Amino acid sequence: YLPEERLIVRPDQMLDEMCATMGGRAAEKVIFNEISTGALSDLEKVTRQARAMVTIYGLNDKLGNITYYDSSGQSDYNFSKPYSEETAKVIDFEISKLIEEQYQRAIHLLETNKEKLTQLADILIEKEVIFKDDLETIFGKRPFDKEAEIPATE
């Protein structure tokens, strides 16, 4: 399946994606009370997303409506950051805070649904694949149905 194509993304969508991406590491913590190096690509992805929220899209309350993105391409020839060391520390803190909040959110969701997580893992161990029917058996039907929103054409 290809991801849904979106040109405009709301902050809550970005946070939901970050939370979902942190699900693997959170599951390790919830089930084994340990984490591993297996989440490296997930960490890279959420770090890029968080950095973009803070430094490109102006989606951080602490820094406000500002971007450090240069679409002209001229920044390639610039040897200095367009912000102070103090601002760099704020940026680093805000990125870390965003990631940690979504990690903790993922842990909370998995702890709240630990029995369902275990059922899902058991099906994966048994069948090696999961189908929509399996997910609906464990989690129930979605509260909204995208197919129902789109009228069928004949």
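The values are calculated or read from the model by the stated rules, or taken from the named source; none is laboratory data. Keep in mind that this is a model prediction, so the values were computed, not measured. Positions of Cβ are backbone-derived with ideal geometry, glycine not excepted, and every protein chain shown enters the neighbour counts. We work out accessible area using only protein heavy atoms, side chains counted, and drop any ligands, DNA or RNA first. Shrake-Rupley method; radii C 1.70, N 1.55, O 1.52, S 1.80 Å.
Only one entry of K62, K45 meets the criterion of being of a type outside the set (S, T, Y) and surrounded by 13 or more Cβ atoms within 10 Å (Cβ to Cβ), and that entry is K45. I need the helices (runs of 4 or more DSSP H) fully contained in the stretch 1-116, keeping only those with at least 1 residues that are under 30 Å from F139 (Cα atoms) and hydroxyl-bearing (S, T, Y). Here the list reads 11-21, 40-55, 85-112.
Among residues that are modelled with pLDDT of 90 or more and touching a helix residue (DSSP H, G or I) at 6+ places or on another chain (Cβ under 9 Å), K114 is included. For the stretch 1-23, which positions are over 20 Å from I56 (Cβ atoms) and either in contact with a Pro (Cβ under 9 Å, 6 or more places away or on another chain) or modelled with pLDDT under 95 (or both)? Answer for the stretch 1-23, where residues must be over 20 Å from I56 (Cβ atoms) and either in contact with a Pro (Cβ under 9 Å, 6 or more places away or on another chain) or modelled with pLDDT under 95 (or both): Y1, L2, E4.
Where the second residue is of a type in the set (D, E, K, R) and open to solvent by 50 Å² or more (accessible area, probe 1.4 Å) and the first is over 16 Å from D92 (Cα atoms) and without any contact (Cβ under 8 Å) to a residue 24 or more places away in the chain and lies in the stretch 33-50, which pairs have Cβ atoms under 9 Å and are six or more apart or on separate chains? Going by the 9 Å Cβ cut-off, the qualifying pairs are I35/K29. Checked against (1) surrounded by 10 or more Cβ atoms within 10 Å (Cβ to Cβ); (2) at pLDDT 90 or above; (3) more than 23 Å from the chain's Cα centre (by Cα), K81 passes all but a single condition, namely (2). Residues in the stretch 123-151 that are open to solvent by less than 90 Å² (accessible area, probe 1.4 Å), at pLDDT 90 or above and assigned to a helix (DSSP H, G or I): I123, L124, D134, L135, E136, I138.
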